[in-house]
Amino acid sequence: MSIYLDNAATSFPKPNMVADSVYHFMKNIGVNVGRGSYGRAQKAGEIVYETRKLLCQLFNHSNPEHVVITSNVTEAINLAIRGIVTPGGHVITSSVEHNAVWRCLKMLERDYNIQISTVPCDRSGTTDPEIIEGMIRPNTQLFVFTHASNVLGTIQPIRQIGTIARRHNILFLVDSAQTAGAYPIDMQADCIDILAFTGHKSLLGPMGTGGLIVKSEGMIRPQKAGGTGRDSLSPYQPEYLPDCLEAGTLNVSGIAGLGAAVNFILGETVEAIRNKEQSLTDYALNQLQCLDKVIIYGPGNPGKMVGVISFNVSNVPAVEIAYVLDEVYEIMVRAGLHCAPTAHSLIGTELTGTVRMSLGYFNQKEDIDRVVLALSEVLSKV
Ligand SMILES: Cc1ncc(COP(=O)(O)O)c(C=O)c1O
């Protein structure tokens with residue numbers, strides 16, 4: 001049987017109720033939201049609203065209307081950054097961002113002269129919040145931080161960072177791609193103004209779903225314009241949430257699946273999911289450390305990371321290891337830069353990349369045993 005260890009790219013498998021909900025919507029409801037007043041359109045609207053409510057419950061936000069649905073976290077982050085930062089504005093970010101943040105910022109730097117400061121971090125990828133305060137400028141408009149690195153697994157101290165942002169009245173955007181559903185996030189306690197999430201990773205939902213949860217109206221200027229099903233006479237995009245950031249038909253079947261996924265997570269509890277993933281990470285780190293010639297990157301401490309483990313095998317290219325694991329042992333891991341080049345600059349792997357094994361809620365210790373056995377066989381031949 002094949003083993004899937006690429007959950008940081010997308011989680012697999014999904015809880016059964018996710019596929020069931022998508023199927024049920026497509027088969028039995030299947031109509032657009034906010035475009036018709038017939039009963040089925042209202043039912044579709046209720047499904048979307050229920051998903052917004054469940055996301056609020058998961059992340060401790062009070063207003064479902066502030067949940068903006070997008071097709072993934074990349075779109076959500078682009079909407080937020082482009083809708084907040086103005087030409088000449090200044091943004092503070094981490095040294096381990098995914099290209100969803102990094103390329104968006106670099107394009108604005110090139111095209112609109114924005115200024116970017118990256119907070120230095122140690123080799124494990126942890127940002128020291130103490131440094132951030134001294135980096136604030138009069139034109140600082142935004143802090144944007146990934147909650148956990150998709151290369152090193154490192155969890156950032158977002159509550160401390162959020163507290164600094166709040167103290168200086170600067171907006172705080174968090175990319176929760178690697179943590180939502182798998183690590184506690186409390187928008188209020190963590191002082192998060194805008195939470196960007198993707199539905200298909202640790203939230204266990206379908207691809208093509210994601211979004212923003214926005215603390216208050218007026219924080220983000222609309223970036224898309226189009227039909228919302230309301231106020232159609234107005235030539236401009238409405239100013240209120242969520243319509244100011246949502247235009248066009250939503251992925252309602254995907255949203256039905258996302259609602260089921262969040263329901264599953266709330267039922268299991270984030271705490272139980274975190275405990276299982278942390279203990280699997282602990283086990284995996286211990287097993288990998290026993291192998292000669294395996295270099296493990298990141299904090300090396302399961303309490304300080306999500307279930308994302310990057311490593312290299314000395315003298316063997318990462319892509320080769322991933323290829324052999326797949327071809328010979330039916331084990332799926334990812335090799336390369338994982339769309340986060342700055343994290344690789346930190347650990348000196350920008351030319352080689354790493355092998356990334358990423359654990360999910362449905363993995364078992366036996367999966368890790370199989371990887372370790374496969375790696376020891378590969379190592380015995382190099
Ligand atoms: C930290 C982080 N941010 C953003 C993304 C982009 O996610 P999506 O492709 O769902 O937009 C990823 C995906 O790998 C990620 O790990």
Can you show me the helix-derived [θ] at 222 nm for the chain, built from DSSP H runs with n ≥ 4 at -39,500 (n - 2.57) apiece and divided by the number of residues, rounded to the nearest 500. -12000 deg cm²/dmol
Helix 252-268: inclination vs the chain longest Cα principal axis, degrees, rounded to 10, gives 60
Accessible area of the chain with a 1.4 Å probe: how many percent of it is carbon plus sulfur? 52
Going by average Cβ neighbours within 10 Å, how do the peptides 331-337, 201-207, 21-27 rank, with the highest at the top? 201-207, 331-337, 21-27
Local electrostatic count at residue 172 - Lys and Arg +1, Asp and Glu -1, tallied over other residues with Cβ under 12 Å: +1
Förster-model FRET efficiency, 30 Å R0, residue 326 and residue 122, C-beta, rounded to 0.05: 0.35
Net charge within 12 Å of residue 28 by Cβ-Cβ distance, Lys/Arg positive one each and Asp/Glu negative one each, not counting residue 28 itself? +2
Listed by chain and number, the aspartates and glutamates with an alpha carbon less than 12 angstrom from that of residue 201, same-chain partners under 8 positions apart left out, are 6
Residue 339 accessible area, nearest 10 Å², 1.4 Å probe? 60
Among beta bridges that DSSP assigns inside the stretch 16-268, antiparallel share in %, nearest 5: 40
In nm, to one decimal, how far is the modelled label at residue 217 from the one at residue 159, with both set 7 Å along Cα→Cβ? 3.2
Roughly how far apart, in whole Å, are the Cα centres of the stretch 195-215 and the stretch 258-320? 20
Quick shape check on the stretch 34-75: root eigenvalues a ≥ b ≥ c of the Cα gyration tensor, a/c under 1.5 is rounded, otherwise prolate if a/b tops b/c, else oblate, and it reads oblate
Relative to the present Cα-Cα distance, how much length would full extension add between residue 379 and residue 62 at 0.36 nm per residue of separation? 108.9 nm
Under 1.5 on a/c is rounded, so check that first for the chain, then, if it is not, pick prolate when a/b is larger than b/c and oblate when it is not; a ≥ b ≥ c are the square roots of the alpha carbon gyration tensor eigenvalues. oblate
Can you grab the distance from the C-alpha centre of the stretch 32-85 to the C-alpha centre of the stretch 105-156, Å, no decimals? 27
With a point put 7 Å past each Cα toward its Cβ, work out how far residue 103 is from residue 269 in nm, to one decimal. 4.0
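The values are calculated or read from the model by the stated rules, or taken from the named source; none is laboratory data. Because the structure is a prediction, the values reported are computed rather than measured. Cβ atoms come from the backbone with ideal geometry, glycine included; neighbour counts cover every protein chain shown. Ligands, DNA and RNA are stripped out before the accessible areas are found, and what is left, the full protein with its side chains, is counted by its heavy atoms. Shrake-Rupley method; radii C 1.70, N 1.55, O 1.52, S 1.80 Å.
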